[in-house]
């Protein structure tokens with residue numbers, strides 16, 4: 001059931017492609033801006049690389065999540081979805097999967113651009129970076145999914161989501177930046193284990209909680 | 001005057017009474033802290049701010065914990081009183097956090113030599129502050145009362161669970177904040193006069209919290225009564 005909903009969202013996205021394209025271009029622009037926000041004579045690109053990567057991911061995810069429920073809202077599609085005999089947990093799961101696919105695609109396009117613009121060598125660190133990106137993204141996209149379902153029903157929806165979501169991005173972001181910088185420096189796995197546990201725990205807690213709380217958001 | 005309006009008025013009077021008593025107590029705390037508590041040997045007069053900063057932090061913490069608890073209870077019981085209480089508590093908590101976040105740097109500048117540092121406890125309280133500003137902003141931007149109550153309860157619960165995560169992740173950056181000196185496993189390491197002043201001040205701030213929340217709760221009741229009257233009339 002969750003897969004069907006996710007498939008529906010992904011199909012709708014692939015047909016228009018505008019949102020995906022805009023989010024990717026947005027991420028590329030953030031990377032470019034970052035490059036000029038740094039004094040190259042003082043700060044080497046590699047010192048700043050982990051933070052740049054993660055701030056870009058976070059901002060791109062925010063833009064992506066903003067649209068997650070806007071489409072459903074526009075044509076009253078969410079009401080139709082809610083009338084269908086779908087368990088709310090599955091509905092949330094589907095929305096979460098679709099958002100993860102969307103954010104994941106943006107991240108997958110951003111990463112090569114990041115390597116290109118910042119001249120980072122990723123050959124050894126790539127599997128680790130992909131793993132930590134997945135680990136960090138799942139948690140904050142789960143929270144972002146439930147918040148975007150709320151935000152579309154408020155005034156100033158585009159502003160409400162970042163204000164609510166950014167505090168929740170802090171733990172995954174800190175963990176991801178720490179792990180990424182250690183990966184880029186070629187440190188052993190044992191030095192990252194604490195952070196990885198924290199990220200995994202965050203995912204478990206918030207995916208569970210958001211799944212349970214979702215019906216409180218959509219059901220009258 | 002309808003029944004609910006009268007109830008709101010009575011509650012507001014009680015809240016005002018408690019708040020005024022707490023403000024009088026606050027004046028007494030100033031006298032006690034400045035006149036009858038010894039000056040700390042190393043920090044000098046700057047340490048006096050401790051008697052406001054710590055109790056304010058205490059009240060803010062109570063406020064935010066109760067928002068989390070009442071939010072969880074609301075999703076379970078759907079009692080509008082819980083929602084009203086959570087809203088009142090969040091607003092008062094933001095006020096106390098503002099006191100805590102302003103008194104802290106004033107003390108930190110002469111003692112640490114810096115207004116702000118990204119220490120675990122400072123970062124945590126700053127994010128608590130942001131979190132509840134967001135909570136209040138959400139409340140302000142949802143029109144339907146039932147929807148507002150459900151949405152803010154979800155944010156309240158998620159926020160409560162976020163706190164240990166923020167704490168854990170910033171803690172790994174090491175911490176500069178003074179270690180606990182009262183609530184710790186061994187006996188408090190504070191001289192008895194200082195401890196007395198701190199306890200009195202904590203009591204006063206707790207009372208102030210109760211008074212302000214009661215007032216805010218009464219105001220919410222009055223607003224609801226007004227809206228109902230407007231709908232009926």
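State whether the residues of the stretch B:120-131 include one that is in a helix (DSSP H, G or I), on the phi < 0 side of the Ramachandran plot and more than 14 Å from every other protein chain (Cβ to nearest Cβ). Yes, there is a match, as at least one residue in the stretch B:120-131 is in a helix (DSSP H, G or I), on the phi < 0 side of the Ramachandran plot and more than 14 Å from every other protein chain (Cβ to nearest Cβ). Residues that are more than 8 Å from chain A (Cβ to nearest Cβ), without any contact (Cβ under 8 Å) to a residue 40 or more places away in the chain and in a helix (DSSP H, G or I) do occur in the stretch B:136-144. Only a single criterion out of (1) under 25 Å from residue B:200 (Cβ atoms); (2) touching a residue at least 40 places away in the same chain (Cβ under 8 Å) is not satisfied by residue B:98, namely (2).
The condition (being modelled with pLDDT under 90, within 8 Å of another protein chain (Cβ to nearest Cβ) and under 21 Å from the mean Cα position of the chain (by Cα)) is satisfied by just one residue among A:205, A:217, A:152: A:217.
Which one of these is within 30 Å of residue B:114 (Cα to Cα) and touching a helix residue (DSSP H, G or I) at 6+ places or on another chain (Cβ under 7 Å): B:11, B:16, B:34?
Working: B:11 fails: within 30 Å of residue B:114 (Cα to Cα); B:16 fails: within 30 Å of residue B:114 (Cα to Cα).
That would be B:34, the only listed residue that is within 30 Å of residue B:114 (Cα to Cα) and touching a helix residue (DSSP H, G or I) at 6+ places or on another chain (Cβ under 7 Å).
Residues in the stretch B:150-172 that are more than 8 Å from chain A (Cβ to nearest Cβ) and over 20 Å from the mean Cα position of the chain (by Cα): B:171 alone.
When you scan the stretch A:117-131, do you find a residue that is within 14 Å of another protein chain (Cβ to nearest Cβ) and either at negative phi or in a loop (DSSP other than H, G, I, E, B) (or both), even just one? The answer is no, given that none of the residues of the stretch A:117-131 is within 14 Å of another protein chain (Cβ to nearest Cβ) and either at negative phi or in a loop (DSSP other than H, G, I, E, B) (or both).
Could you please let me know if residue A:134 is surrounded by 23 or more Cβ atoms within 10 Å (Cβ to Cβ) and either away from chain B (no Cβ under 14 Å) or part of a helix (DSSP H, G or I) (or both)? It is false that residue A:134 is surrounded by 23 or more Cβ atoms within 10 Å (Cβ to Cβ) and either away from chain B (no Cβ under 14 Å) or part of a helix (DSSP H, G or I) (or both).
The values are calculated or read from the model by the stated rules, or taken from the named source; none is laboratory data. All figures in this text were calculated on a predicted structure; none of them were measured in a lab. FYI the Cβ positions are ideal-geometry reconstructions off the backbone, even for glycines, and counts take in every protein chain you see.
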